[in-house]
Amino acid sequence: MKTAIIGAGIAGLAAAVRFQCAGHSVHVFEANPYPGGKLSSFSQDGYTFDAGPSLFTMPHYVDELFILAGENPEAHFKYKNLETACRYFWDDGTTLNAWTDIPKLAREVEEKLDVPAKQVEAFFERSKKKYDGAGRIFLEKSLHKAGTWLSSKVLRALFRMPFYDLFSSMHQVHTSWFQNPKMVQFFDRYATYNGSDPYEAPGMLTIIPHFEHGIGTFYPEGGMHSITQSVYELALRKGVQFHFNHPVERILVDKGKATGICVHGKDLHFDRVVSNMDVFYTYKKLMPEQDQPERILSQPKSSSALIFYWGVKKQFQELGLHNIFFSNDYQKEFEAIGNGTVGPDPTVYINITSKHSPEHAPAGGENWFVMVNTPCNQGQDWDALIPEIKKHVLDKLSARLGTDISQLIETESILDPRLIDGKTGSHLGALYGYSSNNKMAAFLRHPNFSRKIGNLYFVGGSVHPGGGIPLCLLSAKITSELVQ
Ligand code: FAD
C-alpha cells in the first residue's frame, strides 16, 4: 500500500510514523526544505528560538509513536515535568506563580488573590471530570462515525449536558465560580490555547486547565523543536521517504477516488493520500474542480499572533520559561481582536527557553519569544500596526520590569500573520485552524476523511479535533485508526 502525505508538519510526521508502522510505504512531500511546519526553530546572532509553539502538554501522545514503532521513547525523546506552568504579572504589581501542583497553586492563589484554596481545587476537579467524562472521547475519536456516538460513555455524557457547560461561554462559567477579576482572567486565558475568545468559546473548554495542571506542563530537552526532530528521525528509521522542496500542486482524483498527487508537473500514483496541508488550501488549491465543503471552509478562523524574537543582553531572575503580562481590560482586548485589530494594552506573553537550555543564548543573555494575540490576516495594514504594537509591548514590559527593554535588544526577528500563512500555508495565518468561538465549532471541523472522495484523508490543526500539538498528534492517530 503506497501512501502519500502532503506536508511534514507535526501531524504529517505522526501520520507518517503510524502509516509506515501499519505496513504502508509512506512518502512525505513537503514544500519547505525542513520538517516541522510551525514547530520549527532558527538561530540568529548567537540566539536560538523555537519559531512557533512553546507550551508542551500531553507528551504521552509523542511517546506513543515510539512505543508503536517498538522503541523506547526515553532513548530518543527526553522531556522534564515543570514545577511552574507560568508566571503571571499584572500592572498593579500583583504576581502569581502558577505551580503545576494544584494544591500548591491553590495556596498561592489564596495568598495572592484572596480566593479560597478549596474553591480553586474544586474548579480543577470539575475540569478533570469534564475531560474524563466526555472531553477525552471527543478529542480521541472521529465525531463523524456512528461508532463514536453509540459508545456508552458518550451517551451518558449526552444525558448530562448541563454538567459540561456546552451552552455557556468560558467567561460565564468562570464568573459563576469566582468573583475575583484576576482569577477570572487567569482562567479566561485558557481560551487562547486554541486561538479562541473566552467571551464566545463554549464552557466545555474549561477542560484545558486540567491539561496543564492535572496532567502536567513539560519541557522537551533542547526545546520544542526536538519534538519535530525526534519524530522526524523516528520516521526515517522506520523507512519513511521524505521529499523536501516538493510542493504538491494537485491531488489526482479518478472516479471518486484519490489516486495520487502532482508534484513539479509530474503525476505520481498512490493508493492513499493524506493531506496535512491546511484543509482550506487543500480544497481551493489542490482540487478546485471538486465539490467544496463551503460551510466548513467558511467557519471563522482562530486568532493569529505577532511575535518578536528578541536576543536580550541581560538575565531577568523574576522571569521563567513562560510569562504572562496581563492587559488591564481583557474584554476590551478581545473586542479589539474581534474587530480585526490589536488594542493599545495587549496581554504580552514571553517564552524564554534559555532558562532551561542555556545554549540558546550567549552568556549573560536570554532568548525572548514575545507574543501578542492578533486577529488573523484580513488585509490589515500590518506594516503600520507592527511598530505601534511593538511600542505598546515595550512600554508595558519596561514599566513592569523597571528597565528600558529596547536598550537590551541585540537582535530581532518578527513573525506576523502574513508570514505564518506564507511559511506554513495556514489560511489567513490562523495559529490553530478554525476557532472554537461557537458552541457547535467542534462539530463543524472537517472530518479526518473525505465524505466524497475515497482514499483521501486529512490530519493537522485545521481538521478534527483541532489545533495545538497534542490535538494534531491525535488527528494522526484517529486517521490511521480510520484507515485500518
Ligand atoms: P503545520 O505545522 O502548519 O504544517 C503544515 C506543513 O504542510 C508545513 O510544513 C507546510 O510547509 C506544508 N505544506 C503546506 N502546503 C503544502 C503543499 N502544497 N505541498 C507540500 N507541503 C505543504 N501549539 C501548542 O500545542 N502549544 C503552543 O504553545 C503553541 N503556540 C503556537 C505559537 C505560534 C506562533 C504558532 C504559529 C502556533 C502555535 N501552536 C501551539 C499551534 C501549533 O503550532 C499547531 O497547531 C501545529 O504545529 C500545527 O501542525 P500541523 O501538522 O497541523 O501543520
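The values are calculated or read from the model by the stated rules, or taken from the named source; none is laboratory data. Quantities reported herein were computed from a predicted structural model and do not represent experimental measurements. With ideal geometry, Cβ positions are generated from the backbone for all residues, glycine too; neighbour counts draw on all protein chains shown. What goes into the accessible areas is simple: the full protein's heavy atoms, side chains included, and nothing from ligands, DNA or RNA. Shrake-Rupley method; radii C 1.70, N 1.55, O 1.52, S 1.80 Å.
Miscellaneous remarks
- With each label modelled as a point 7 angstrom along the Cα→C-beta vector, the residue 378-residue 34 pair spans 3.3 nm.
- MRE, 222 nm, helices only [DSSP H, n ≥ 4, -39500 (n - 2.57), over the chain, to nearest 500]: -9000 deg cm²/dmol
- Of the residues 24, 330, 192, the one whose Cα sits farthest toward the positive end of the charge dipole of the chain, with +1 on the Cβ of Lys and Arg and -1 on the Cβ of Asp and Glu, is 24.
- Nitroxide proxy distance, nm - points 7 Å out along Cα→Cβ at residue 264 and residue 172: 5.5 nm
- Of interest is the spacing of the C-alpha centroids, which for segment 296-316 and segment 16-71 amounts to 20 Å.
- Stretching the chain fully between residue 331 and residue 290 yields a gain of 10.6 nm (0.36 nm per residue, less the alpha carbon separation).
- Here is the P(r) of segment 1-145: all C-alpha pair distances, binned every 10 Å from 0, give 9, 23, 31, 23, 12, 3, 0 in whole percents.
- Cβ-placed point charges (K, R +1; D, E -1), dipole of the chain about Cα centre in debye, nearest 20: 1760 debye
- Taking segment 55-194 and dividing mean pair separation by its residue count, relative contact order in percent (alpha carbons under 8 Å, at least six apart): 12 percent
- Simple label model, 7 Å out from Cα along Cβ direction - residue 412 to residue 151, nm: 4.9 nm
- Selected from 33, 14, 134, residue furthest toward positive end of dipole (segment 1-156; charges at beta carbon): 134
- In the context of the full set of protein chains, residues of the chain present 39 Å² of accessible surface per residue (probe radius 1.4 Å, heavy atoms only).
- With all projection directions averaged, the alpha carbon convex hull of segment 2-73 covers 6.0 nm².
- Under the convention that each Lys and Arg Cβ holds +1 and each Asp and Glu Cβ holds -1, the size of the dipole of segment 288-362 around its Cα centre is about 380 debye.
- Using the Cβ-Cβ distance between residue 125 and residue 249 with R0 set to 60 Å, the FRET efficiency works out to roughly 0.70.
- Heavy-atom accessible area, probed at 1.4 angstrom with all protein chains present, ranks 296, 307 as 296, 307, highest first.
- Here the convex hull built on the C-alpha positions of the chain has a volume of 141 cubic angstrom per residue.
- Compared with the direct C-alpha span, the chain from residue 179 to residue 298 gains 39.1 nm at full extension, assuming 0.36 nm per residue.
- Relative contact order (%) - criterion: Cα under 8 Å, at least six apart; region: the chain: 23 percent
- Surface accessible to a 1.4 Å probe, residue 80 within the full protein complex, Å²: 90 Å²
- Globularity ratio of segment 108-254, using Cα Rg and 2.2 N^0.38 Å: 1.38
- Computed over all pairs of different Cα atoms, the Kirkwood value for the hydrodynamic radius of segment 221-293 is 14.3 Å.
- With Cα atoms defining each centre, segment 371-388 and segment 74-115 are spaced 30 Å apart in the structure.
- The calculated FRET efficiency for the pair residue 25 and residue 72, based on their C-beta separation and a Förster distance of 30 Å, comes to about 0.75.
- Computed from backbone phi with θ = phi - 60° and the Karplus coefficients 6.51, -1.76 and 1.60, the 3J(HN,Hα) list for segment 89-104 is 10, 10, 4, 7, x, 5, 10, 9, 9, 7, 4, 5, 5, 5, x, 5 Hz; x is used for glycine and proline.
- Distance from segment 235-253 to segment 174-233 (C-alpha centre basis), Å: 32 Å
- The share of accessible area on the chain that comes from carbon and sulfur is 51 percent, using a 1.4 angstrom probe.
- FRET E, pair residue 484, residue 91, Förster distance 60 Å, beta-carbon r, rounded to 0.05: 0.65
- DSSP beta bridge pairing in the chain, given as percent antiparallel to the nearest 5: 70 percent
- This model, with +1 at the C-beta of Lys and Arg and -1 at the C-beta of Asp and Glu, gives segment 218-356 a dipole about its Cα centre of some 400 debye.
- For the peptides 183-193, 404-414, 454-464, the ranking by packing is 454-464, 183-193, 404-414, with the highest mean count of neighbouring Cβ atoms within 10 Å listed first.
- Take the Cα of residue 241, go 7 Å toward its beta carbon, and the backbone nitrogen atoms of segment 263-295 under 17 Å from that spot belong to 263-274.
- Three principal axis extents describe the C-alpha atoms of segment 173-317; from largest down they are 60, 41, 30 Å.
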